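First comes the structure, then the notes that go with it.
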Amino acid sequence: MKSGGGSGTAAAGSVVVDLCLLLPEDCIANVLSLTTPRDACRLSLVASTFRAAAESDVVWERFLPCDYKDIIARTVDHCPFPPLPFTSKKQLYLWLSDHPLIIDQGTK
């Protein structure tokens with residue numbers, strides 16, 4: 001995309017760079033973590049830098065409740081957790097979104 005001048009076009013031969021793509025991935029991940037899970041997934045389609053940032057555990061841990069480890073520890077034994085551990089916080093978030101947990105002996 002070329003731009004510049006008063007009409008939005010650049011001088012011949014110049015290239016306009018999207019400044020968002022110059023930001024470090026951890027900065028983009030921090031920004032994505034301030035959005036919603038849906039927005040993080042949508043923004044992952046924008047560019048490879050956004051995709052990598054959106055897969056970050058930093059992003060998905062912010063979407064989980066701060067006490068998610070304690071909540072999981074309080075689940076009843078017959079909870080249908082998958083046999084393999086989760087490889088990412090995103091995978092955990094998505095699984096928990098589709099599988100309600102019974103905690104505190106079914107009182108919650």
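Return yes when Ile28 is surrounded by 15 or more Cβ atoms within 10 Å (Cβ to Cβ), at pLDDT below 85 and assigned to a helix (DSSP H, G or I) and no when it is not.
no
Residues to consider are Leu22, Leu45; find the one that is open to solvent by 80 Å² or more (accessible area, probe 1.4 Å) and at pLDDT below 90. Working first, answer last.
Values: Leu45 fails: at pLDDT below 90.
The match here is Leu22.
Considering only residues of the range 57-80 that are open to solvent by 70 Å² or more (accessible area, probe 1.4 Å) and not basic (Lys, Arg), which is modelled with the lowest pLDDT?
His78
The values are calculated or read from the model by the stated rules, or taken from the named source; none is laboratory data. Values in this document were obtained by computation on a predicted structure and should not be read as measured data. Neighbour counts are summed over all protein chains in view; Cβ atoms, including those assigned to glycine, are modelled from backbone coordinates with ideal geometry. Keep in mind that these areas ignore ligands, DNA and RNA; they rest on the heavy atoms of the full protein, side chains included. Shrake-Rupley method; radii C 1.70, N 1.55, O 1.52, S 1.80 Å.
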